[in-house]
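Read through the structure below, which is laid out as structure tokens, and then see the notes.
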Amino acid sequence: MNNYEIYVKTSAIGQSGIHWRHIISDEQHLTEAPPLLEEHLFKHKDGFNVGINDLFNEVSPSLLIFKNKEKIMLEVAGIESPERSKRMGRKVLNLIAWITDNNQDGDTIIRKIAYDVIQYLLGKQNKIESLINTSIDFYETEEFRVDSSLVDKYISELDNVKNESEMSLSQEIALSSEEKLEKLAEIIQTFSLPMEWEAHNYTSNLKEIKSEGVIIVVTNRLEQEDLFYYAGVWRGFASNVEEPQSLTKSVIFTESPHEVPVHQENLIDQGGSNPPKKLPMLLITIVLIISLVVTVMILKPKIFLPSPHPNPSKQEESREHRNTPLIPEVLSIKE
């Protein structure tokens, strides 16, 4: 009897479309996502909940490993089935999830698969791609089927891994590169998955020790660049990762309150010029106030003393203009 479960998510040829199936030997029931995927990892600072599969791109080749106290789960996603794509008339992608007990045997199985998937991502071999193309196929119109015997054979033929336990527990999140993936493959082949690992809690801004959660993610592009950091993954590589702005843009002051802050992003404009001086502005304001007061004192008599001969109002001028006869003016013009 296998000591792992398999869930597959792909497309049927009919109206049922993309869905999950739980692969238990010949019984392959339509199901919801694996129960582990129902867990919410955290609430993002922008207000949305983040689940496990929000940490990778399902439509590009990706690897994810998650664990809690009882289980370890590996997901490989974004690998196409060319033959089924031709029959379907569009690209057909696959997602396979292996779930094992969180023990030494389960750790060994997960790491063997993970090492092989990374070799595929590096373009060195295609065992996982061959497995997907040969073991998964359409079944009638609304279903698909997985040949579980081919899955068992695939795992039995994978390269062996060592079980050394001394390794770095420090977190590493970076832009994906061949060098990073080569190093990760070496670690996975040599060492057991960490029982605990260090991570930075970006809510409390403190270091913490984690024993559950997403351990490893390799993917193409994230929906949001800071997700690996908030999730506290042990190893996370993607094409767009960026440390949360709340820390990289923070202002950290030195011991003396009169010294310049270490980070001045909020104090220097985009052109890089220094902040304006306050003293010259204060002097200019004082001079303007004094000038205004002097002007008012000079003009004060003219403003407040009444004129001895007030001018007639506009209404009176208009009335006089209306009472003046126009005929003499016309006559004078003719003369």
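The values are calculated or read from the model by the stated rules, or taken from the named source; none is laboratory data. Keep in mind that what you see is a predicted model, and the values were worked out from it rather than measured. A quick note on method: Cβ atoms are made from the backbone with ideal geometry, for glycine too, and the neighbour counts reach across all protein chains shown.
Flag not set for Ile118, criterion: touching a strand residue (DSSP E or B) at 6+ places or on another chain (Cβ under 6 Å) and assigned to a helix (DSSP H, G or I).
Residues in the range 178-235 that are under 22 Å from Gly47 (Cβ atoms) and among the β-branched types (Val, Ile, Thr): Thr203, Val214, Val233. Checking the range 59-76 against the condition returns no match, with no residue being touching a Pro at 6+ places or on another chain (Cβ under 9 Å), within 15 Å of Val146 (Cα to Cα) and either of a type in the set (Asp, Glu) or in a strand (DSSP E or B) (or both). Among the residues of the range 31-43, write down those that are surrounded by fewer than 16 Cβ atoms within 10 Å (Cβ to Cβ) and assigned to a loop (DSSP other than H, G, I, E, B). Scanning the range 31-43 gives Glu32, Glu39. When Ser25, Ser60 are checked against the criterion of being more than 29 Å from the chain's Cα centre (by Cα), among the hydroxyl-bearing types (Ser, Thr, Tyr) and either at pLDDT below 95 or under 24 Å from Gly213 (Cα atoms) (or both), a single residue qualifies: Ser25. Among the residues of the range 151-173, is any out of contact with any strand residue (DSSP E or B) (no Cβ under 7 Å at 6 or more places or on another chain), of a type in the set (Lys, Arg) and more than 23 Å from Trp234 (Cβ to Cβ)? Checked the range 151-173: at least one residue is out of contact with any strand residue (DSSP E or B) (no Cβ under 7 Å at 6 or more places or on another chain), of a type in the set (Lys, Arg) and more than 23 Å from Trp234 (Cβ to Cβ).
A single member of Glu198, Glu157 is surrounded by fewer than 17 Cβ atoms within 10 Å (Cβ to Cβ) and within 28 Å of the chain's Cα centre (by Cα), and it is Glu198. Among the residues of the range 37-62, those identified as in contact with a helix residue (DSSP H, G or I) (Cβ under 7 Å, 6 or more places away or on another chain) and farther than 19 Å from Val241 by Cα are Leu37, Glu39. For the structure I just gave you, tell me whether Asn126 is of a type outside the set (Asp, Glu) and free of Cβ contacts under 8 Å to residues at least 40 places away in the same chain. Criteria met by Asn126.
Within the range 23-44, residues that are farther than 15 Å from Glu5 by Cβ have Cβ atoms under 6 Å from residues that are among the aromatic types (Phe, Trp, Tyr) in these pairs: Phe42/Tyr230, counting only partners at least 6 apart in sequence or on another chain. Working only within the range 2-30, note down all residues that are hydroxyl-bearing (Ser, Thr, Tyr), touching a helix residue (DSSP H, G or I) at 6+ places or on another chain (Cβ under 7 Å) and surrounded by fewer than 17 Cβ atoms within 10 Å (Cβ to Cβ). Listed by number, the list holds a single entry, Ser25.
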